[in-house]
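Q: This is the structure I have questions about; it appears just below.
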Amino acid sequence: MAISSPTDYHPAYGHPITTLNSTPPPLPSPPIMVRWYPPPLGTFKLNFDGSSKSSSAAAGIIIRNNEGISISACTFNLGQTQAFMAEAIALHKGLQEARRLQIDNLLIEGDNLLIINAVKGVWSTPWKISNIISDIKHLLTLFTTWISSTFSEKQIRLQIG
């Protein structure tokens, strides 16, 4: 905020009148392409995601083959919970679905570093999800797996400024 000039005072109160220096809104950034890559031949890919807004959380999974063809896709309404819990539930349900489909080779991709690093043992697991992470780790022993993280366009923008 800046004062217009030292002589600009409110006539009734005698306080300086302040004006906001307005600047035009920033131009929209060009889109950053975030792309899905197929898994290697003979491998399936599980993408999982979860979100939470206000009092509603949801999760979703999709399993595709090396040609990108969807083998299974599910969404889950989770009621009221936190986003990291929705992410953990999505991964857990995705692994259960891959097991049901008798998939052995599985590439797992998600965008929540908390969940991915908790599963990998890189970060300590928050107590609220310790049981589900423990079960995820057990389910992972039933597959030949790779776990990786991807970033959404919003996350990339936050990282590059």
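Values quoted throughout were computed directly from the atomic coordinates according to the rules given, and no laboratory measurement underlies them. Computed from a prediction, not measured in an experiment: that's the story for all the values here. Cβ: placed from backbone, ideal geometry, glycine included. Neighbour counts: every protein chain shown.
Q: Once you order the gyration tensor axes a ≥ b ≥ c over the Cα atoms, which shape class does segment 57-127 get: rounded for a/c under 1.5, otherwise prolate or oblate by comparing a/b with b/c?
A: Working: a/c = 2.22, a/b = 1.38, b/c = 1.60.
Oblate, because a/c is 1.5 or more while a/b does not exceed b/c.
Q: Moving on. Treat the count of other C-beta atoms within 10 Å as a stand-in for reagent exposure and order SER54, SER134 from fewest to most.
A: Ordered by Cβ neighbours within 10 Å, fewest first: SER54, SER134.
Q: Arrange the following residues from fewest to most other Cβ atoms within 10 Å of their Cβ: LYS45, LYS137.
A: LYS137, LYS45
Q: Follow-up. Which is farthest toward the positive dipole end of segment 44-160 among ALA73, PHE143, GLY121, measuring Cα position about the Cα centre, with Cβ charges +1 (Lys, Arg) and -1 (Asp, Glu)?
A: Going by the Cα projections, it comes out as GLY121.
Q: Contour minus end-to-end for ILE71 and LEU113, with contour as 0.36 nm per residue of separation and end-to-end as the Cα-Cα distance?
A: Separation in residues times 0.36 nm, less the Cα-Cα distance, equals 12.6 nm.
Q: Taking H placed 1.01 Å from N in the peptide plane, check which residues at least 5 places from THR43 or on another chain put their amide H under 5 Å from its amide H.
A: Those qualifying (amide H under 5 Å, at least 5 residues apart or on another chain) are ASN66.
Q: Roughly speaking, what is the stretch gain from TRP36 to SER149, that is 0.36 nm per residue apart minus the C-alpha to C-alpha distance, in nm to one decimal? Numbers along the way, then the final one.
A: Numbers: separation 113, 0.36 × 113 = 40.68 nm, distance 1.18 nm.
Result for the pair: 39.5 nm of gain on full extension.
Q: Any chance you could run the full-extension gain for GLN80 through LEU142? It's 0.36 nm times the residue separation minus the Cα-Cα distance, nm to one decimal.
A: 19.2 nm
Q: Using the basic label-point model (7 angstrom from Cα toward the beta carbon), what is the LEU101 to SER130 distance in nanometres?
A: Once both label points are built, they end up 3.3 nm from each other.
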